[in-house]
Amino acid sequence: MIFVALFSWLAERLRDLAMWPINLVRDFPVRSGRLLMTLYLAFWGIVRFVPEAVAPLRENRLRQWLYVENGRFIHWLHRFVNELFDFLGGPELGEFFFHLITNTTPLTGTEIGQAAVVFGETGMRYGDIRVAQGGLHNWIFKLNGNLAFATWRTIHLPLTGKHKRDNWPLMVHELTHIYQYEHVGTRYLGEAVYMLIKTKRDCYNYGGVEGLKTAVPTGKTYCDYNREQQAMIIQDYCTLTAQDQDTTAYEPFLMQLRMGKL
């Protein structure tokens, strides 16, 4: 039994190591495209900087204008650093080292089937997704109160508590974060952590069913919600679906998710 577990662990680590060169090639078009677009935005920002500064200077509001521009620069810098990280294969290397301290398994056929109902049959690379449990993760979950989390294509789950693997709506919540990663890159992670810190973890409430009903007429879309709200919307959709309750208010946002409008 010990040898089987050791063999499985080694096989997973070799697989992790192989994913770095594979994804460098496979994801080159998407990752390079994101990086080039971000560099283009920087070029355009430099070109327009002086002309746009003229009016604030004349109107004696240059300080306020510079404050806004500084915020835009920080946002751009965060995006650039993350997309450069992705371009160099940082996610694959990060997962390799993260997985060294735990045990990982792929999604089961049942889990893939259930996920495909939500995200679409080709919505994600389901075969690349891993669930990490045990090992030094037990210590991590003692520190964070047994709260599940996702990094890149890995769902990190405790072995005890409410955030275990058999909690399917929670699994969908974390899969939504992986879906975010596959569509916008690593920057989703920084955006989620920023909101968690800024709101002191009070960033999950999107208003519930009534909030979604009022959001549509006002033109609010799925991408207007923060990363944790996005994941909670899909989690609650799955909870209501399992309870055979009305999910009409969620359908427009689920459709936007499937279209990659994040």
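The values are calculated or read from the model by the stated rules, or taken from the named source; none is laboratory data. This structure is a prediction, so every number in the text was calculated from the model and none was measured. In this analysis, Cβ positions are derived from the backbone assuming ideal geometry, glycine residues included, and neighbour counts consider all displayed protein chains.
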Among the residues of region 91-105, is there at least one that is within 30 Å of E251 (Cα to Cα) and touching a strand residue (DSSP E or B) at 6+ places or on another chain (Cβ under 8 Å)? no
Residues in region 143-160: is at least one outside the structural domain of F7 (by TED's automatic domain parsing), among the aromatic types (F, W, Y) and assigned to a helix (DSSP H, G or I)? no
Quick one: would you say T108 is in contact with a Lys or Arg (Cβ under 8 Å, 6 or more places away or on another chain) and closer than 30 Å to A242 by Cα? no
Does T221 qualify as being among the β-branched types (V, I, T) and either within 19 Å of G260 (Cα to Cα) or not assigned by TED's automatic domain parsing to the domain that holds G120 (or both)? yes
Among R31, R63, which is the only one that is within 30 Å of P21 (Cβ to Cβ), in a helix (DSSP H, G or I) and outside the structural domain of T186 (by TED's automatic domain parsing)? R31
Those residues that are out of contact with any His (no Cβ under 9 Å at 6 or more places or on another chain), within 20 Å of N226 (Cβ to Cβ) and free of Cβ contacts under 8 Å to residues at least 60 places away in the same chain, I need them from region 164-187; list them, please. H177, I178, E182
Within region 168-212, the residues that are surrounded by fewer than 17 Cβ atoms within 10 Å (Cβ to Cβ), among the small types (G, A, S) and part of a helix (DSSP H, G or I) are G190, G208, G211
Quick check on my filter: what residues within region 92-126 are outside any helix (DSSP H, G or I) and surrounded by fewer than 15 Cβ atoms within 10 Å (Cβ to Cβ)? L100, I101, T105, T108, G120, E121, T122, R125
Could you check, for region 235-255, whether at least one of its residues is under 23 Å from F85 (Cα atoms), charged (D, E, K, R), at pLDDT 95 or above and surrounded by 14 or more Cβ atoms within 10 Å (Cβ to Cβ)? no
Based on what the data block shows, is K220 basic (K, R) and surrounded by fewer than 14 Cβ atoms within 10 Å (Cβ to Cβ)? no
Just to verify a result, which residue in region 80-91, among those that are among the hydrophobic types (A, V, I, L, M, F, W, C) and in a helix (DSSP H, G or I), is nearest to T151 (Cα to Cα)? F85
Condition first: charged (D, E, K, R) and under 9 Å from the mean Cα position of the chain (by Cα). Now tell me which residues in region 161-194 satisfy that. E174, E182, R187, E191
